[in-house]
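Every number in this text was worked out from the coordinates using simple rules, so none of it is lab data. Since this is a predicted model, take the numbers as computed values, not measurements. No Cβ is skipped: glycine too gets one built from the backbone with ideal geometry, and neighbour counts run over all protein chains shown.
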Ligand SMILES: [Zn+2]
């Protein structure tokens, strides 16, 4: 691995007087709006990526009380089919290491630990990647506090997303998060309906709430609170219990959303998983669908990089995809009971 020199370091941080003003107020959201505007101007690949969003096609499927979108997005083929085997990762240059980034790419500094970049292969109209400055494995146990804090600091416009190294992260060897517009995440938009119809309250303390949501496709643990310590406690309880019950040597499979607003505090959605990819990903011929669900898919927008798959996908496929990658009811019930007993 090559080392960065200080010139690269200076070049890569995006800064203008306006951005500095926002950062002084800890307003990362508005700083990112300026970064994206500038990068669309200065960086061809990125501007093409965002232009291509206008050609994206979407189909909406109605389920009982909520909807799931299928999005045809050819730009996502690299990410969807990423080979995350140990051998493949060893062989390639890490595309999140600062020295391997394109010359034109610039990022907003976050606490000298992370840089926030625009994603050149966007799913939504604003899509950022938050990259740890060092080449260090994707691992949430040591970075959950950052995940929460980022949710707060970007909370004006964005939610922060996490994909586990074995269930959606296309760079499992380099710690990173994503940020996308809050109003684009369907699970957030449809939260009230989902909660009313499918949620079971498993913890109800003053301004500290935890829900288990089973909507027939997904099993979600939702934590709502302003109390960081409480949220961390629930997360750690879930994490270790999932790790034990799935016999995981490494991190148990989880996708997560951290969303924050000043009035209500955090909403943290945790999606426990049992598989990286659904059976249809490995099929041949007619039965094959190239789809590799990560947090955005779990939140209700399924990404399909091949047009023929987009044309083909139906409600039965969607049920099977979720059934293949989401944990079963028995384990979900156990996790809920364990959290309610332990906290
Ligand atoms: Zn790296």
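Here are a few things to note about the model shown:
- Distance histogram in 5 Å bins (all Cα pairs of the stretch 161-264, percent per bin): 2, 10, 18, 23, 24, 15, 6, 1
- For the stretch 256-343, the Kirkwood estimate of the hydrodynamic radius, built from every pair of different alpha carbons, is 15.0 Å.
- Sorting the segments 307-314, 28-35 by their residues' average number of neighbouring beta-carbon atoms within 10 angstrom, most packed first, yields 28-35, 307-314.
- Taking all pairs of distinct alpha-carbon atoms in the stretch 17-100, Kirkwood radius in angstrom: 16.8 Å
- At 1.002 mPa s and 20 °C, Stokes D of the stretch 231-281 from Kirkwood alpha-carbon radius, µm² per second: 170 µm²/s
- Largest-first ellipsoid semi-axes for the stretch 58-178, taking √(5λ) over the Cα gyration tensor eigenvalues, angstrom: 24, 19, 15
- Per-residue [θ]222 nm for the chain (sum of -39500 (n - 2.57) over DSSP H runs n ≥ 4, rounded to 500): -10500 deg cm²/dmol
- Look at the alpha carbon pairs under 8 Å that are at least 6 residues apart: their mean separation over the length of the stretch 169-246 gives a relative contact order of 15 percent.
- A simple spin-label model places pseudo-atoms 7 Å from Cα toward Cβ; at residue 283 and residue 323 they are separated by 1.2 nm.
- Cβ-Cβ FRET estimate between residue 145 and residue 90, R0 fixed at 30 Å, reported to 0.05: 0.50
- Sites residue 78 and residue 240, calculated FRET efficiency, Cβ-Cβ separation with R0 45 Å, nearest 0.05: 0.85
- Cα gyration tensor of the stretch 104-242 - equivalent ellipsoid semi-axes, whole Å, descending: 27, 18, 15
- For the stretch 191-343, the spread of Cα coordinates along the three principal axes comes to 53, 35, 23 Å, biggest extent given first.
- Value of relative contact order over the chain, rounded to a whole percent, pairs C-alpha under 8 Å and six or more apart: 18 percent
- For the chain, DSSP calls about 90 percent of its internal beta bridges antiparallel.
- Volume in Å³ per residue [convex hull over Cα atoms, computed for the chain]: 136 Å³
- Net length gained if the chain between residue 248 and residue 136 were fully extended (0.36 nm per residue, minus Cα distance): 38.3 nm
- Chain lengthening between residue 342 and residue 193 when straightened (0.36 nm per residue, less Cα-Cα): 50.8 nm
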